[in-house]
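Peer 1: This is the structure I have questions about; it appears just below.
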Amino acid sequence: MEFFELLLPLALVIALSKVLAIVCKKVGLPEVVGMLISGILLGLIVLIPGQKIFVGGENGTLSGLSFLAEIGVIIIMFTAGLETDLKLFKKVGLPSIVITTLGVLTPLALGFVVACAFNPNGGFDQLGNGDILLSNIFYGCILCATSVSLTVAVLKEMGKLQTRVGASVLAAAILDDIIAIVIISLVLSIKQNGAASPAEIAKTIGMIFVFFISAFVIGVIALAILLKISKKPMHRIPIFAIALCFFYAYAAQKWFGVADITGAYVAGLVLSVARFSRYIDSKLEISSYMIFEPVFFANIGISMISKLTQSSASFDTSWVIFGVVFIIVALLSKVVGCGTGALMFGYGFKDSYRVGVGMMARAEVVLVCANMGIQDGLVSVNIMPFVIILIIVSSMLVPSLLKLSYRHEVSAKLLPSIPDDFSLNTNNTDYMA
């Protein structure tokens, strides 16, 4: 493939994904849905005999788009870490830790049980070689992720963002991000390192722990350097920040056997405490929004169509039933897990239900997780259509159910432990998990 051959598919991806993203935003759906649909529509070009726009193979245009998409996912996870407000835990405390822990473990457990029921012998993926257990676990891992950007927007619109429910959802979503990334990193590390025995699994967990410790030690040094640089022209800060992101992603994968997305996310966490974190985020948003995000999400749709046409797997009755059950479990498990955690700390039934519904939404991170599983051969590409349906359904349900639950209320009781001058950053509602 000549380089110029990549320019036409790149132009098509960027243009169509932006048009459909705008359309989805106007009808109340996340913009990523539009980007995914654009990828699916463009992926249909693959079915045209003799077409030379989307060509597979090591040197094909699909390979070039995938390369750009990999950079895109690194930047997405880095900005997710940057937008994490670790200070919020001091305001909310233990309840949100329990809420999010149950909100991660419940979907993980139920997703695993459902996968085992439908995939007892690796029938979905024909993995063999002892990976069936990891495959079923990863189906559960996909359900761990949440995205509360839509929830935040709805609560803000109703004036409920700084209530007990709003603060709990925000704090829980932050921890949800961290726990989900660690669990997924563990599963991927075990798969990549071939760790099967308890000793090998313990070693893998130890490597993840060492990585986190090393990352934060290096992060302290990097922060000190960046603070000195920040006294000079600020435009230099984002340049060194993205360099740190790429270094962390490389080091995580190369030296510790941890997923590169985890390294990027941790780099964002390290810089999230700095006063210039929002400045870095705003600068990265330009390149990410214009090129890397649309390419990443559209590439998922294009790759899905391409792989489905090449795969011997088919959507038989068992796959359809599994997909429907998978979506139902994904929605209910967050409500049950997070709602139970809220009930344990004295939240009323209605507020517990609101917390659970608020944590039910899925968006970017669930796509990242599913895509990582597909790339590592842990889950079948056939799961991706159901993940996309999950995003659409949850995006439609969350606003409706939240507004319905508040229909008889004029005001909500503020969280007593939050001081009067406590202020959440309501200008940026793009919190992911």
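Peer 1: Hey, among the residues in segment 231-270 that are buried (at least 17 other Cβ atoms within 10 Å of the Cβ) and among the hydroxyl-bearing types (Ser, Thr, Tyr), which one's nearest to THR204 (Cα to Cα)?
Peer 2: Checking each candidate, the answer is THR262.
Peer 1: Tell me the residue from ILE286, ILE327 that is touching a residue at least 24 places away in the same chain (Cβ under 8 Å), of a type outside the set (S, T, N, Q) and assigned to a helix (DSSP H, G or I), please.
Peer 2: On the way: ILE286 fails: touching a residue at least 24 places away in the same chain (Cβ under 8 Å).
It is ILE327.
Peer 1: Among residues belonging to segment 314-341 that are of a type in the set (A, V, I, L, M, F, W, C) and closer than 16 Å to VAL398 by Cβ, point out the one that is surrounded by the most Cβ atoms within 10 Å (Cβ to Cβ).
Peer 2: CYS338
Peer 1: With respect to GLY346, is the statement that it is in a loop (DSSP other than H, G, I, E, B), over 18 Å from VAL32 (Cβ atoms) and modelled with pLDDT of 85 or more true?
Peer 2: yes
Peer 1: For segment 239-262, does any single residue satisfy the condition of being of a type in the set (Asp, Glu) and farther than 27 Å from GLU364 by Cβ?
Peer 2: Checked segment 239-262: no residue is of a type in the set (Asp, Glu) and farther than 27 Å from GLU364 by Cβ.
Peer 1: Separate question: Can you tell me which residue within segment 108-156, out of those that are among the β-branched types (Val, Ile, Thr) and closer than 20 Å to SER185 by Cβ, is modelled with the lowest pLDDT?
Peer 2: THR146
Residue-by-condition table, conditions (1) within 25 Å of the chain's Cα centre (by Cα); (2) at pLDDT below 90:
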{"residue": "ILE208", "(1), (2)": "yes, yes"}
{"residue": "PHE212", "(1), (2)": "yes, yes"}
{"residue": "LYS232", "(1), (2)": "no, yes"}
{"residue": "ARG236", "(1), (2)": "no, yes"}
{"residue": "LEU244", "(1), (2)": "yes, no"}
{"residue": "ALA267", "(1), (2)": "yes, no"}
{"residue": "VAL273", "(1), (2)": "yes, yes"}
{"residue": "ILE300", "(1), (2)": "yes, yes"}
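Peer 1: Does segment 63-77 contain at least one residue that is touching a Gly at 6+ places or on another chain (Cβ under 8 Å) and more than 30 Å from LEU269 (Cα to Cα)?
Peer 2: yes
Let's see how each residue does on (1) among the charged types (D, E, K, R); (2) free of Cβ contacts under 8 Å to residues at least 60 places away in the same chain; (3) not in a helix (DSSP H, G or I):
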site: LYS203; (1), (2), (3): yes, yes, no
site: PHE209; (1), (2), (3): no, yes, no
site: ILE213; (1), (2), (3): no, yes, no
site: ALA224; (1), (2), (3): no, yes, no
site: LEU244; (1), (2), (3): no, yes, no
site: LYS254; (1), (2), (3): yes, yes, no
site: VAL270; (1), (2), (3): no, no, no
site: ILE280; (1), (2), (3): no, no, no
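Peer 1: Read through the list (1) touching a Leu at 6+ places or on another chain (Cβ under 9 Å); (2) more than 26 Å from ALA167 (Cα to Cα); (3) touching a residue at least 60 places away in the same chain (Cβ under 8 Å), then give the number of the only condition that MET344 fails.
Peer 2: Unmet condition: (2).
Peer 1: Go through (1) within 24 Å of VAL379 (Cα to Cα); (2) surrounded by 21 or more Cβ atoms within 10 Å (Cβ to Cβ) and name the single condition ALA173 misses.
Peer 2: (1)
The values are calculated or read from the model by the stated rules, or taken from the named source; none is laboratory data. Everything numeric in this text was worked out from a predicted model, so none of it was measured. When we count neighbours, we look across all protein chains shown, and the Cβ atoms used for this are built from the backbone with ideal geometry, even at glycine.
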